[in-house]
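Colleague: So that we are looking at the same thing, I have put the structure below in structure tokens.
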Amino acid sequence: MLVGVISDSHGNRKRILEALHYLDGVDHILHAGDFYEDAKLVDSAVECKVTAVAGNCDYMVRGPFEELFVLNGYRIYLTHGHLYSVKRDLKALVERAKELDVQVAVFGHTHTPQVSCEDGILFVNPGSVHSPRQGYQPSIAIIDLSQRPPRADLIFL
């Protein structure tokens with residue numbers, strides 16, 4: 001099972017649609033916030049399920065700040081990351097992921113792509129399709145849940 005991940009799209013429809021070309025054939029798409037409304041565009045353009053959370057820039061839109069679900073036997077936690085100070089470090093997010101007993105935690109907020117493993121949990125930040133930071137290109141991620149353990153790859157647009 002392949003899961004596409006987009007974050008921090010900030011209303012950039014052109015980049016969102018560009019990113020979706022790379023996600024053709026995935027089984028599920030996650031949008032990790034900023035802008036929650038962009039997930040509606042994603043949902044209207046794809047045939048797979050889309051799960052999204054709101055971020056710190058979703059002022060006028062109500063949406064969940066976190067989602068917890070199971071895909072292909074893996075417990076997945078999706079959040080934007082701003083509630084866990086992920087721009088500083090991942091400590092609070094790691095603790096939350098451990099508390100929820102997940103195998104995969106997906107977040108955004110930093111606009112910097114990152115794939116890492118902490119305490120046996122795969123952490124995936126796809127970066128930003130709108131305004132990447134630290135010299136990165138716009139990016140997304142694909143998580144392969146058919147692997148044991150799961151793995152994630154970053155894709156630069």
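Colleague: May I ask you to compute the full-extension gain from VAL46 to ASP101, defined as 0.36 nm times their residue separation minus their alpha-carbon distance, rounded to one decimal in nm?
Modeller: Working it through step by step, the gained length comes to 16.8 nm.
Colleague: Run the helix sum for the chain: -39,500 (n - 2.57) per DSSP H stretch of 4+ residues, divided by residue count, reported at 222 nm to the nearest 500 deg cm²/dmol.
Modeller: The per-residue figure over the chain is -5000 deg cm²/dmol.
Colleague: Let me ask another. Name the lysines eligible as straight-distance cross-link partners of LYS49: C-alpha to C-alpha under 18 Å, and not fewer than 8 places from it in the same chain.
Modeller: Of all the lysines, those that pass the test against LYS49 - Cα under 18 Å, at least 8 places apart if same chain - are LYS40.
Colleague: A follow-up question, please. Taking θ = phi - 60°, what integer Hz values does the Karplus form 6.51 cos²θ - 1.76 cosθ + 1.60 yield along the range 112-121, in sequence order, with x for Gly and Pro?
Modeller: 10, x, 7, 10, 8, 10, 10, 6, x, 10
Colleague: State log₁₀ I(q)/I(0) for the range 11-94 at q = 0.12, 0.16, 0.24 Å⁻¹ as given by the Debye formula over alpha-carbon point scatterers of equal weight, solvent excluded.
Modeller: Taken in order of the listed q values, log10 I(q)/I(0) reads -0.38, -0.68, -1.23.
Colleague: Each residue of the range 142-155 in turn: what ³J(HN,Hα) in whole Hz from Karplus with 6.51, -1.76, 1.60 and θ = phi - 60°, glycine and Pro shown as x?
Modeller: 10, 9, 9, 8, 8, 7, 10, x, x, 9, 9, 10, 8, 10
Colleague: Using amide H atoms built 1.01 Å from N in the peptide plane, name the residues 5+ places from GLU118, or on other chains, whose amide H lies under 5 Å from its own.
Modeller: Those qualifying (amide H under 5 Å, at least 5 residues apart or on another chain) are PHE123.
Colleague: Right, next: For the range 60-128, what are Rg and Dmax over the alpha carbons, in angstrom?
Modeller: Over the range 60-128's Cα set, Rg and Dmax evaluate to 11.5, 36 Å.
Colleague: Per residue of the range 81-86, what does 6.51 cos²θ - 1.76 cosθ + 1.60 with θ = phi - 60° give for ³J(HN,Hα)? Whole Hz please, x for Gly and Pro, Karplus curve as stated.
Modeller: Residue by residue, the range 81-86 yields x, 5, 6, 10, 6, 5 Hz.
Colleague: Of all alpha-carbon pairs in the range 2-156, indicate the percentage at a distance above 24 angstrom.
Modeller: 21
Colleague: How much of the DSSP beta bridge set in the chain is antiparallel, as a percent to the nearest 5?
Modeller: 60
Computed from the coordinates by the stated procedures, all read-outs in this text should not be read as laboratory data. Source: prediction; values computed, not measured.
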